[in-house]
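A.B. asks: Can you keep this structure in mind? I'll have questions shortly.
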Amino acid sequence: MILVSCEEACDCDYVVYDSDPTNNYNWTETYRSTWDSSCEDELLDESTYTISGEVWYSRTEIQCD
């Protein structure tokens, strides 16, 4: 017996980037983990924070190969 799956195999990561005064506002990867809930690149969240008068940015996305 041969079993064939209809599910697409994918290689995706959940990635968080931050851009703030400590990294001269360059997008810097701060977290990465495997992701298997979807197989497409997508932007999950984009946030802006003001801390002590300075603006900080955060972006969370799914990246697939």
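The values are calculated or read from the model by the stated rules, or taken from the named source; none is laboratory data. Remember, it's a predicted structure, so these values are computed and weren't measured experimentally. No Cβ is skipped: glycine too gets one built from the backbone with ideal geometry, and neighbour counts run over all protein chains shown.
A.B. asks: Of the residues Asp45, Asp11, Asp36, which is modelled with pLDDT under 90 and either of a type in the set (D, E, K, R) or in contact with a helix residue (DSSP H, G or I) (Cβ under 8 Å, 6 or more places away or on another chain) (or both)?
C.D. replies: One residue alone meets the criteria, Asp36.
A.B. asks: Shifting gears a bit: Taking the condition of being surrounded by 11 or more Cβ atoms within 10 Å (Cβ to Cβ) and either assigned to a strand (DSSP E or B) or of a type in the set (Asp, Glu) (or both), how many residues in the range 30-48 meet it? Full working, then the answer.
C.D. replies: Taking the range 30-48 as the starting set, the residues that turn out to be surrounded by 11 or more Cβ atoms within 10 Å (Cβ to Cβ) are 30-32, 35-36, 38-39, 41-42, 44, 46.
Still in the running and either assigned to a strand (DSSP E or B) or of a type in the set (Asp, Glu) (or both): 30-32, 35-36, 41-42, 44, 46.
Going through the range 30-48 one residue at a time, the tally reaches 9.
A.B. asks: Restricting the first residue to the range 14-39 and requiring it to be in contact (Cβ under 8 Å) with a residue 40 or more places away in the chain and within 18 Å of Thr50 (Cα to Cα), which pairs with a second residue that is of a type in the set (D, E, K, R) and surrounded by 13 or more Cβ atoms within 10 Å (Cβ to Cβ) meet a Cβ separation below 6 Å and a spacing of at least six or different chains?
C.D. replies: Going by the 6 Å Cβ cut-off, the qualifying pairs are Tyr17/Arg59.
A.B. asks: Continuing with the same structure: Scanning the range 37-63 for residues that are under 9 Å from Tyr14 (Cα atoms) and not aliphatic (A, V, I, L, M), which turns out farthest from the chain's Cα centre (by Cα)?
C.D. replies: Among residues in the range 37-63 that are under 9 Å from Tyr14 (Cα atoms) and not aliphatic (A, V, I, L, M), the one farthest from the chain's Cα centre (by Cα) is Gln63.
A.B. asks: For the range 18-65, name all the residues that are of a type in the set (Ser, Thr, Tyr) and touching a Leu at 6+ places or on another chain (Cβ under 8 Å). Let's see the steps before the verdict.
C.D. replies: Within the range 18-65, the subset of a type in the set (Ser, Thr, Tyr) is 19, 22, 25, 28, 30-31, 33-34, 37-38, 47-50, 52, 57-58, 60.
Passing the criteria: only Thr60.
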